[in-house]
Amino acid sequence: MNQENTSSEWTLIGKTEDLIRELETRGLKELEFDKKKVVLTYHDGAFGALNNKCNHMGGPLSRGRLKKGCIECPWHYWEFNHKTGESISGSAEPLSSNPGAVPTFPLKIENGQLYISIPGETKRVQAVYNSGIMNLSREPKREAGKIRVLGISTTAMDKNHPRFSTSEELLNSALKTAAENLDVETKLIKLSDLNFRHCEGFYSKSEKACTWPCSITKMDPTDEMSQIYEGMVHWADVVIVSSPIRWGNASSLYYKMAERLNSVQNQITLKDRVLIQNKVVGMIITGGQDNVQSVAGQMLNFFGELGFMAPPFPYVGHSLGWSSEAMEYNMDYVRDSEYLHTQSYELIERTVELSKKLIQAQD
């Protein structure tokens, strides 16, 4: 809704009774004055007018909702008092003692009409962050030292009742052998050990709403996806991902992790910033069912979009096939297979060799 100035100071918005009726139904109303967007509210007998841009990432407050006298931003749920513009401390992300404030506009009522002063807009007060999780936002820079190999097991299982996983067995064995023979540092992360939330689709609201570090990680200090971000973006030179085959696809935990990695890929879209550079990926894929090549193809495509490179023969696969699902036998076969253990170790050898070449090329 565009409004025209009726004077240099005050601009007519409309009849108060009409606005009250509309706002009691809609909650929020977006106005525009000479390209300046304002969100108008009415709560507990009082009007409020705020700059429509959220203090956090610039989300459109008018598309949020009014909650007990506060406007909740639709992007990341920051809340602002509808009259004062003050942010509710800790409403979305852990903040310091200064949560900041969105600019407000003076309002007045004369003869049943509501007016706004655009020149009277207050200054924006930016929030001050605690450092904490924001350390992830540092520029990726490889530290000197040995090649670092991160293994990520995506097998889903009950923490209290762990079971044997063929893909995790091969990954763990290969990491141990690599640490003994290749002069590398290794680390294993089991997704089943981590407490992390599903992607909540901030990108679907706006590409700018999908942030780095991930919005969920910033909002929820208990979210342990930060271990994957730290390991993959900042620590590792090589990442080896293991997955079982579930109905012809990678595991559900793999896809849960992959969706949360959209915050890494989206930096390329938004800022032409590639967080993953000169890093190598490999895969270990096993299952009672076939479809190893399809799972590997999806993984290679996904990690390639993040910025990873792959060596020749970038994955190890094992499957008994659709008509041979003797799972007890399969576990024994993988556990005792010198061939599969050797192939998994040699996969790490290939990824480490490529990593060395990439690092040398940067020196």
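The values are calculated or read from the model by the stated rules, or taken from the named source; none is laboratory data. For clarity, every value in this text was computed on a predicted model and none was experimentally measured. Glycine gets a Cβ as well: all are built from the backbone with ideal geometry, and neighbour counts include every protein chain shown.
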Inset, instruction - Answer with yes or no whether E328 is farther than 20 Å from S252 by Cβ, at pLDDT 95 or above and in the same structural domain as V238 (by TED's automatic domain parsing). - result: no
Inset, instruction - Mind checking which strands (runs of 3 or more DSSP E) fall wholly inside segment 19-93 and carry at least 3 residues that are among the hydrophobic types (A, V, I, L, M, F, W, C)? - result: 28-33, 36-43, 46-51
Legend entry - So C199, is it closer than 20 Å to K256 by Cβ and in contact (Cβ under 8 Å) with a residue 60 or more places away in the chain: yes
Legend entry - Pick from segment 260-293, criterion out of contact with any Cys (no Cβ under 7 Å at 6 or more places or on another chain) and among the charged types (D, E, K, R), ranking: farthest from S137 (Cα to Cα): D290
Inset, instruction - Would you point out which residue out of V241, V233 is of a type outside the set (D, E) and touching a Pro at 6+ places or on another chain (Cβ under 7 Å)? - result: V233
Inset, instruction - Check segment 153-172 and report whether any residue there is among the acidic types (D, E), at pLDDT below 95 and closer than 25 Å to M232 by Cα. - result: yes
Legend entry - segment 140-159, residues that are acidic (D, E) and over 24 Å from V184 (Cβ atoms): D158
Inset, instruction - Could you please find all residues in segment 230-260 being under 22 Å from L354 (Cα atoms) and either touching a strand residue (DSSP E or B) at 6+ places or on another chain (Cβ under 8 Å) or of a type in the set (F, W, Y) (or both)? - result: G231, M232, W235, A236, D237, V238, V239, I240, V241, S242
Inset, instruction - Please tell me if T211 is in the same structural domain as S252 (by TED's automatic domain parsing), over 30 Å from N81 (Cα atoms) and among the β-branched types (V, I, T). - result: no
Legend entry - Flag if L275 is under 22 Å from V149 (Cα atoms), buried (at least 17 other Cβ atoms within 10 Å of the Cβ) and in contact (Cβ under 8 Å) with a residue 60 or more places away in the chain: yes
Inset, instruction - Counting only residues that are of a type in the set (S, T, Y) and within 26 Å of the chain's Cα centre (by Cα), give me the helices (runs of 4 or more DSSP H) lying completely in segment 243-352 with at least 3 of them. - result: 252-260
Inset, instruction - Look through segment 153-179, keep the residues that are in a helix (DSSP H, G or I), touching a residue at least 60 places away in the same chain (Cβ under 8 Å) and within 28 Å of the chain's Cα centre (by Cα), and return whichever of them is surrounded by the most Cβ atoms within 10 Å (Cβ to Cβ). - result: L171
Inset, instruction - Restricting attention to segment 180-202, report how many residues are assigned to a helix (DSSP H, G or I) and in contact with a helix residue (DSSP H, G or I) (Cβ under 6 Å, 6 or more places away or on another chain). - result: 2
Legend entry - Pairs, first assigned to a loop (DSSP other than H, G, I, E, B) in segment 97-109, second modelled with pLDDT of 95 or more and of a type in the set (D, E), C-beta under 9 Å, six or more apart: P103/E121; F105/E121; P106/E121
